[in-house]
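What follows is a single structure, written as structure tokens, with notes after it.
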Amino acid sequence: MAFTLAKGITMTVEGDANDYTAKGLSGGKVAVYPSQEVIDDGFVPEDNVVVGNVCLYGASAGKAFFRGKAGERFCVRNSGALAVVEGTGDHCCEYMTGGRTVVLGKTGRNFGAGMSGGIAYVYDPDGEFPQLCNMGLVGLETIETDEEKEEVYNYIKEHVDYTGSSVGQSMLENWDERVKQFVKVMPHDYKRVLAERAAAAEKSKAA
């Protein structure tokens, strides 16, 4: 579903989706969420898988919002897309080179293996995430600047707007406290490149 979805196209699915959803996403938007009817019957989206394995594999641009959990290898080789999800399986963000991934729930093991670019934000109120993260190429930080806090807030707001997420809405309503419980996964090389670019821009201004 939504294979190589192009810019200008938005696909919404009320229900669930299978493996490889949004593979090669190329600028479009995709949202998957359960119907209000099943939620009213007791279905809890954040406790259930709503999209399968290897979603957003090789995505280069665009946005994806999933009200519920994803399977394994979420955002593998993502190079430029934004994805918001409410939990993932193992190997999330493996070999990711760009883009942004926001996880509003628990992850599986081996998060960020081979991740050389992009940034992931993982909600971790219980402090369990560090032991699940592959630290070979990344460091773990907090969200410090007001600008970055606003960016992540807006990612979650868009997720709520597209999916009606109660998890996301709860975070927005208590943002000043919830933002402190996010872990920022930052690749070492990517951080160095951003710092070099910022220094070059400052030098150019001063010249």
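The values are calculated or read from the model by the stated rules, or taken from the named source; none is laboratory data. Because the structure is predicted, anything quoted here is derived from the model rather than measured. Positions of Cβ are backbone-derived with ideal geometry, glycine not excepted, and every protein chain shown enters the neighbour counts. For accessibility, only protein heavy atoms count, side chains too; no ligands or nucleic acids. Shrake-Rupley method; radii C 1.70, N 1.55, O 1.52, S 1.80 Å.
Descriptive notes on the structure:
- Using the Karplus relation 6.51 cos²θ - 1.76 cosθ + 1.60 with θ = phi - 60°, the per-residue 3J(HN,Hα) values for region 129-145 come to 5, x, 6, 9, 9, 7, 8, x, 10, 10, x, 10, 9, 9, 8, 9, 7 Hz, with x marking Gly and Pro.
- Dipole check for region 129-203: with +1 at the C-beta of Lys and Arg, -1 at the C-beta of Asp and Glu, and the Cα centre as origin, the magnitude is about 320 Debye.
- Region 134-168 and region 43-100 have Cα centres separated by 14 Å.
- By definition, a body whose alpha carbon gyration tensor gives a ≥ b ≥ c is oblate when a/c is 1.5 or more and a/b is not larger than b/c, and region 4-56 fits this oblate description.
- Computing Kirkwood radius over Cα pairs in Å directly from the structure and comparing it against (i) 17.0; (ii) 17.4; (iii) 35.1 singles out (i).
- In terms of the mean number of neighbouring beta-carbon atoms within 10 Å, the peptides 158-171, 28-41 order highest first as 158-171, 28-41.
- In a fully extended conformation the segment linking residue 135 and residue 157 would gain 5.0 nm over its present Cα-Cα distance, using 0.36 nm per residue.
- Backbone amide hydrogens, once placed in the peptide plane, bring residue 17 within less than 5 Å of 51, 52, excluding anything fewer than 5 places away on its chain.
- Taking the chain and dividing mean pair separation by its residue count, relative contact order in percent (alpha carbons under 8 Å, at least six apart): 14 percent
- Listed values for region 24-32 are Karplus-derived 3J(HN,Hα) couplings in whole Hz (6.51 cos²θ - 1.76 cosθ + 1.60, θ = phi - 60°), namely x, 3, 10, x, x, 10, 9, 9, 10, and x replaces Gly and Pro.
- Accessible surface for the chain, divided over its residues, is 47 Å² per residue with a 1.4 Å probe.
- Between the residues 80, 54, 39, the greatest Cα displacement towards the positive end of the dipole of region 13-80, with unit charges on the Cβ of Lys, Arg, Asp and Glu, is found for 80.
- Nearest-0.05 FRET efficiency for residue 48 and residue 145, computed from C-beta distance (R0 30 Å): 0.30
- Counting only alpha carbon atoms, the long axis of helix 188-206 and the longest principal axis of the chain meet at about 50°.
- For the chain, size of Cβ-based charge dipole, Lys and Arg +1, Asp and Glu -1, in debye: 1020 debye
- Around the amide H of residue 120, modelled in the peptide plane, lie the amide H atoms of 101, 185, all under 5 Å away and 5 or more residues distant in sequence or on another chain.
- Derived scalar couplings between HN and Hα for region 161-176 equal 4, 7, 10, x, 4, 6, 4, x, 4, 4, 5, 4, 6, 10, 4, 4 Hz in order, rounded to whole Hz, by the Karplus curve 6.51 cos²θ - 1.76 cosθ + 1.60 (θ = phi - 60°), x for Gly and Pro.
- Estimated [θ] at 222 nm from DSSP helical runs (n ≥ 4, -39500 (n - 2.57)) normalised by residues in the chain, nearest 500: -8000 deg cm²/dmol
- Links that overshoot a 30 Å alpha carbon limit, given the list 63/191; 7/180; 23/205; 23/191: 7/180; 23/205
- Region 89-207: C-alpha gyration tensor shape, a/c 1.5 cut-off, then a/b vs b/c: oblate
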